[in-house]
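Visitor: One structure, as structure tokens, below. Some questions next.
Derivation of every value follows stated rules applied to the coordinates shown; laboratory data play no part. These figures come from a predicted structure and were not determined experimentally. Cβ sites come from the backbone with ideal geometry, for glycine too, and all protein chains shown count toward neighbours.
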Amino acid sequence: FTAQLQDKLVKDAASQKQTDSSPHTAAASSTQSVSLRDLTDAVEKEVAKELERILEKQQHDELRSKDRQTSTAELLAEIRDLSQQISAGPTTKSQTFGQAVSARDRVAACLRKSEGRPLDCWKEVSEFKRLVAALEREFVAAAH
């Protein structure tokens, strides 16, 4: 509620009371001023409640925004650290890796040569699977 709205509500209430009251006695005038004060107080209380609610919402939104900015900064820092750890990791490939790549190429060549008969490449596939299993063991051992 704004001050203009509050004034309008008070004036509307006062004009309605004036049209409703036919006798112009001192008691009626006193009752009318008391009602006007009560109405003004009620409007002021509602305005205060609304302002308090708006301020609380703004404070809550500001806190959430700060938390979100902090968590974003933390995540970016963590990503940067992990990227550095990955790039600083071992860059040499194991001997098994080279053998597995060669075995993969042999499987592909065999499949091209034995078009329509993939079962003829069982030896190459078996060797490739053995080398991949060895690579998996190396990876797990390096992780510990």
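Visitor: Report the extension gain between Lys93 and Ala73 in nm, rounded to one decimal, defined as 0.36 nm multiplied by the number of residues separating them, less their alpha carbon distance.
Guide: Numbers: separation 20, 0.36 × 20 = 7.20 nm, distance 3.42 nm.
Length gained, Lys93 through Ala73: 3.8 nm.
Visitor: For the range 39-144, what does the equivalent ellipsoid look like in terms of its semi-axes, each the square root of 5 times an eigenvalue of the Cα gyration tensor, given largest first in whole Å?
Guide: Working: eigenvalues 912, 83, 21 Å².
Whole-Å semi-axes of the equivalent ellipsoid: 68, 20, 10.
Visitor: I would also like to ask the following. Could you compute the FRET efficiency for Arg117 and Phe139, with r as their C-beta to C-beta distance and R0 at 22 Å, rounded to 0.05?
Guide: Efficiency for this residue pair is about 0.05.
Visitor: How much length is gained on full extension from Glu50 to Val132, taking 0.36 nm per residue of separation minus their Cα-Cα distance?
Guide: So the extension gain works out to 22.7 nm.
Visitor: Sort 74-83, 131-140, 44-53 by packing, meaning the average of other beta carbons within 10 Å per residue, with the highest value first. Write out the running numbers ahead of the final one.
Guide: On the way: 74-83: 10.0, 131-140: 13.3, 44-53: 11.6.
By packing density, highest mean first, the sequence is 131-140, 44-53, 74-83.
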